[in-house]
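Take a look at the structure below.
The values are calculated or read from the model by the stated rules, or taken from the named source; none is laboratory data. Note that this is a predicted model, so its numbers are computed, not measured. A quick note on method: Cβ atoms are made from the backbone with ideal geometry, for glycine too, and the neighbour counts reach across all protein chains shown.
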């Protein structure tokens, strides 16, 4: 056992230039160069990464593979993930190695190190929203809600132990705050990724999770137990693209933690508009400004200089407010549009924060449909379309100060929506804006348009073979409330995916469970506790004999009720 995360490697002749060691971002490095951390209201912390579909998670939706309802008979001759262990059946394969599966890796090491786990990540190093790390951005949750503390305060992987290892514990205490800067929390996550005893294969893009055909002729022998697994216990075949070739990994269980993908307005996805390169989701704001260097602003030794740049920000949550502040600080003239009257302060009161307690997961899961829906709406402003109160005040003061001086560079448009977009010959984008109350329309040309318009959970969507399970692995889109829980109950209480025939033994999903498990599902808040619950569920699935059948899915199996109505349900 070593103190370094193990990275599966290819033979020397095929090894990638980048090793599997997770890259760290210095807590004192310029914000534009680090890996991003966020738990903001409109940019969920995301429990996973877009390992299955994108190398820049979740900035790209990736290529969604056509789903298939067929099962697969593996050849058994492939080298799983280039590890030199052809034919080896893993106990667990984690799809994605963002915070969700990173927390699982920590829990596995501490609670069940005997499980043979492999994590596949599309990036070539550990990163978390690297395109969103703006200067001065802070976390919106307590540092105690790290990857381990709530589950195991004595863990070596707590944020406080990270501070001790970095030699900053006393200095952090002197700050007298519960909320570290995001650049520091990102460095913490990267430190855990480097330190945890986990077998991680970076540069592996998962394209399929398929149920293995356990019939005659399948490698590993027929289904002797009659429970759908092969004689060697393998239930699934995970396919991944690694350095231009396809590898197959047989496994007894799979934990999918693919994170979130950006939600873009329909007008922003028009090919002509997208081709300008001037319309971007906030998830990509940092690299896009770098790409447009010299065209839209310019890079300097002190950061991006936006003098003379006209920018439009669409959105009213934490991410939108932070982008507005960043662009305005850099000298740009910034317009921001809201559906309502302006930025709304986040409800971060002690009582409201109880919706993120570990016990609240049971409350949401067991609540009557009407109560659950009402609670989601009532507590929406703990997480969605809201901004930390200090930033709301700061932006208002800036706008008011400019009214006094007459130097107007900040224009916050209340009750205003986008009403028409067209690309201009000079590369800029002309955007029409309409006041929802008066109906007044205006149009202006912008050098860059930033859509801070939220995210959508990935679940199993886009993975070949996932269609065979009869479910998307998503219990509801991020920020959305379903009136009929039975129609979206695609995940059991212990995070088994529910398919057309009920819970799927051995198949788990993280982060795509807001409609059933509550508002903390896509955030960091409950990763520590959820990781421990997943370890227990994995242990139950792997320890029980095939004859135990339904008992493998344990508590939450009743989620299969109404599964016929769920089968084939769309993700969004």
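In table form, for the structure just shown:
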{"quantity": "In the stretch 369-390, the residues that are surrounded by 16 or more Cβ atoms within 10 Å (Cβ to Cβ) and in contact with a strand residue (DSSP E or B) (Cβ under 9 Å, 6 or more places away or on another chain)", "calculated": "381, 386, 387, 388"}
{"quantity": "Search result, residues across the stretch 340-359 that are in contact with a strand residue (DSSP E or B) (Cβ under 9 Å, 6 or more places away or on another chain) and buried (at least 18 other Cβ atoms within 10 Å of the Cβ)", "calculated": "343, 344, 346"}
{"quantity": "First in the stretch 309-338 and at positive phi and in contact (Cβ under 8 Å) with a residue 24 or more places away in the chain, second anywhere and surrounded by fewer than 22 Cβ atoms within 10 Å (Cβ to Cβ) and part of a loop (DSSP other than H, G, I, E, B), Cβ under 6 Å, 6 or more apart", "calculated": "315/453; 331/307"}
{"quantity": "Output for the stretch 306-331, where each listed residue is buried (at least 24 other Cβ atoms within 10 Å of the Cβ), part of a loop (DSSP other than H, G, I, E, B) and out of contact with any helix residue (DSSP H, G or I) (no Cβ under 7 Å at 6 or more places or on another chain)", "calculated": "315, 316, 317"}
{"quantity": "Criterion violated by residue 209 - all others in (1) modelled with pLDDT under 95; (2) under 17 Å from residue 99 (Cβ atoms) satisfied", "calculated": "(2)"}
{"quantity": "Of residues in the stretch 431-457 being without any contact (Cβ under 8 Å) to a residue 40 or more places away in the chain and part of a strand (DSSP E or B), the one surrounded by the fewest Cβ atoms within 10 Å (Cβ to Cβ)", "calculated": "441"}
{"quantity": "All positions within the stretch 141-191 that are more than 29 Å from residue 387 (Cα to Cα) and buried (at least 22 other Cβ atoms within 10 Å of the Cβ)", "calculated": "157"}
{"quantity": "Any hit, the stretch 360-368, residues being touching a strand residue (DSSP E or B) at 6+ places or on another chain (Cβ under 9 Å), in contact (Cβ under 8 Å) with a residue 40 or more places away in the chain, surrounded by fewer than 18 Cβ atoms within 10 Å (Cβ to Cβ) and not in a loop (DSSP other than H, G, I, E, B)", "calculated": "no"}
{"quantity": "Hits in the stretch 250-305 - residues which are surrounded by 17 or more Cβ atoms within 10 Å (Cβ to Cβ) and assigned to a helix (DSSP H, G or I)", "calculated": "267, 268, 273, 282, 283, 284, 285, 286, 288, 289"}
{"quantity": "Residues that are more than 23 Å from the chain's Cα centre (by Cα) and more than 24 Å from residue 494 (Cα to Cα), drawn from the stretch 353-385", "calculated": "378"}
{"quantity": "Selection within the stretch 521-547 - closer than 30 Å to residue 142 by Cα and modelled with pLDDT under 85", "calculated": "521, 522, 523"}
{"quantity": "Subset of the stretch 382-407 (residues that are free of Cβ contacts under 8 Å to residues at least 60 places away in the same chain and either in a helix (DSSP H, G or I) or under 22 Å from residue 440 (Cα atoms) (or both))", "calculated": "389, 390, 393, 396, 397, 399, 400, 401, 402, 403, 404, 405"}
{"quantity": "Residue 193 in a helix (DSSP H, G or I) and either touching a strand residue (DSSP E or B) at 6+ places or on another chain (Cβ under 7 Å) or over 21 Å from residue 89 (Cβ atoms) (or both)", "calculated": "yes"}
